[in-house]
Amino acid sequence: MPKRKINHEEVLEYVKSLSFTQFKEVVREYEKNHSVQLEGELNSIIILDLQQRLQVLDVNKCCPSCGSPCRQKYGKRNGVQTFRCTDCEKRYTLFTGTILEKSRLHWDIWVRLLEMTLNDYSVPAMMNVLKNDYGLNGLEPRTVWQWRMKLIHALASLPLHELTGVIQIDETFVREAQKGSRELVSYLSNEERKPRYGRVPSKYGVMGSEFAAITTAIDNRGYSICKVTSLGRLTYDVFVSEFEEHIIEPAYICTDANNIYRTYCEMRNIPHYEKPSNYDKILSDNGYDPSTQMKDSIIQKLYELDMTDHIYNMGRLSYKEFKELKENNKLSLARVNELHADIKAFINVKMKNVSTKYLQDYIGYFCFRRNWRVDHGRYPTSRIDAEELFVSILKSKVNYTIAEIEETKLVLPTPTKKYLAELKKETATARYVTNDMKFEFEEEDNVANFNKREYLLSLPKSRLYDIAKRCGMKKYRKLAVYSLVSALLRQPDLRTVIYQMMRENKTDSR
Ligand SMILES: [Zn+2]
């Protein structure tokens, strides 16, 4: 049978089906046989191909400035079709505002870059693949790193899930002294404070400016939102502005004892399950022993004294009612604790050589992948996953220019001069009253702004009782929380007692 000659259309169909590498081989072959140079043509074909794909995806179907669909073709530059909006007269191309705007790599290369990013390739490993599989020689590591950063930022910027039902919320902290976070901006001048590399201790403690707080919320389906919210402790206003829009019809909000969440739930009348972070210690301090018959009655007694976990904003619940609601709705902090363990592992592994100024992007990316896993039962890793995600990125039109990457700073509220002066003064006091010249405040100490009332109100009742006892107060167990706090504030030894207790806690955990 004679060989059939394929026609022009069939050749084009065939060419379309080729991967970039295969296609490049065909072009090189053609160049060899016809003694021509096709490098320029190769680039125009890449650009043509990308524009066709963007068109199919309806990217920039309307004017990116005003949204009008009315436009005229306005000439081509280097193979890129320009349009002019007939409403606002701005000019644009299909690439305008997309991740491809300044980096028009072949589609296959972008998809491969994303696939490698999702599979945690290092920059040198990526460079190897690009060189061996795509013939991209002489790439700068910085360039490849920037491409990866663009992709991470884009995934981090995709729309967040709404959280609903039972939502657990808590903060976790990233220490500056941790590897990879070493560039966290320090607001104390060099003279006052040496950077905490390895074993060199900070002179004035490590709280406040030296911690980045990551606030996290997770619902009972497993969807989560994680944001770097502050240096030092979270404030009510920041929490509301960063999370309120994502919390839809919550059935319960579960947190540890923290005024921010208590106020938030109270003002919106949301049932609030609150579990003190030293729950286990409260139990064991009060004779709880899981092996005895007595265990339930001890918990009930502590519940009735308002010393353990509670549900607020639902009226006064009997212990039986409380227990039922807690079990039926699975009220706990287990999911958010698991999320924090994942974040710590992610930061320790993935952020080893990454500057903290990209922490926001990395946390957003972490959160995106974890939510994707909720939908798919696994993490995105395949080429098909990568291509689907790349389409989402193009459609979302998130772009991060190289200049933006280079100029990125971890933008967070900065501590005031007043706060820093306070930190210095209080550290000196704490060192004096504890007789420990190495005393430092830590994030667990929860002294956001050294306001004693706020500090006391953030403590669980059992802790307030401890303080009252140590201050030599009588009959403090009869007082409601607010009166107890007011009474404590009148105690002359209050500060000494608090700092001494903080020190004892540190020694406990050392
Ligand atoms: Zn327009």
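Could you line up 256, 296 from fewest to most neighbouring Cβ atoms inside 10 Å?
Details: 256 20, 296 12.
So the residues, fewest neighbours to most, are 296, 256.
Please order 322, 450 by the number of other Cβ within 10 Å, starting at the fewest.
Going from least to most buried by this count: 450, 322.
Might you report the magnitude of the Cβ-based charge dipole of region 1-91 about its Cα centre, with Lys and Arg at +1 and Asp and Glu at -1, to the nearest 20 debye? Provide the component values of the computation, followed by the final result.
Details: 16 positive and 12 negative charges, 43 e Å.
With Lys and Arg at +1 and Asp and Glu at -1, about 200 debye.
Which trypsin sites (Lys or Arg not before Pro) in region 265-326 sit in a loop by DSSP (not H, G, I, E or B) and have at most 15 other Cβ atoms within 10 Å of their own Cβ? Numbers along the way, then the final one.
Working: sites: 268, 281, 295, 301, 316, 320, 323, 326; in loops: 316.
Passing sites in region 265-326 are 316.
About the Cα centre, and with charges only on the beta carbon of Lys, Arg (+1) and Asp, Glu (-1), how big is the dipole of region 276-331? Nearest 20 debye, please.
Dipole size: approximately 100 debye.
From the square roots a ≥ b ≥ c of the eigenvalues of the alpha-carbon gyration tensor of region 276-331, which class results: rounded (a/c under 1.5), prolate (a/b over b/c), or oblate?
Working: a/c = 1.82, a/b = 1.57, b/c = 1.16.
Prolate is the answer for region 276-331, as a/c is 1.5 or above and a/b outweighs b/c.
Count charges around residue 304 for me, please; just the other residues with Cβ under 13 Å from its Cβ, Lys/Arg as +1, Asp/Glu as -1.
+2
Would you kindly derive the ³J(HN,Hα) couplings of region 143-160 from the backbone phi angles with the Karplus curve 6.51 cos²θ - 1.76 cosθ + 1.60 (θ = phi - 60°), listing them in order in whole Hz, with x for Gly and Pro?
Calculated HN-Hα couplings, in order: 5, 5, 4, 5, 4, 5, 4, 4, 5, 4, 4, 5, 5, 5, 9, 5, x, 8 Hz.
When a footprinting reagent is the concern and you count Cβ atoms within 10 Å, what order do 170, 120 take, fewest first?
120, 170
Sum up the charges of everything whose Cβ sits under 9 Å from the Cβ of residue 222, counting Lys and Arg as +1 and Asp and Glu as -1, but leave residue 222 out.
Around residue 222, the charge tally is +3.
Could you tally the net charge around residue 383, taking each other residue with its Cβ under 9 Å from the Cβ of residue 383, Lys/Arg +1 and Asp/Glu -1?
Every neighbour counted, the sum reads -2.
Per residue of region 124-136, what does 6.51 cos²θ - 1.76 cosθ + 1.60 with θ = phi - 60° give for ³J(HN,Hα)? Whole Hz please, x for Gly and Pro, Karplus curve as stated.
Computed from phi, the couplings for region 124-136 are x, 5, 5, 4, 4, 4, 5, 6, 6, 8, 10, x, 8 Hz.
Could you tell me the distance between the Cα centroids of region 269-305 and region 58-104, to the nearest Å?
63
Starting from 0.36 nm per residue, how many nanometres of slack lie between residue 236 and residue 284 once their C-alpha separation is accounted for?
Taking 0.36 nm per residue and subtracting the Cα distance, the gain is 14.1 nm.
Where a number appears in this text, it was derived from the coordinates with a stated rule and is not lab data. Computed from a predicted model, the values in this text were never measured in an experiment. Every residue, glycine among them, receives a Cβ derived from its backbone with ideal geometry; neighbour counts consider all protein chains shown.
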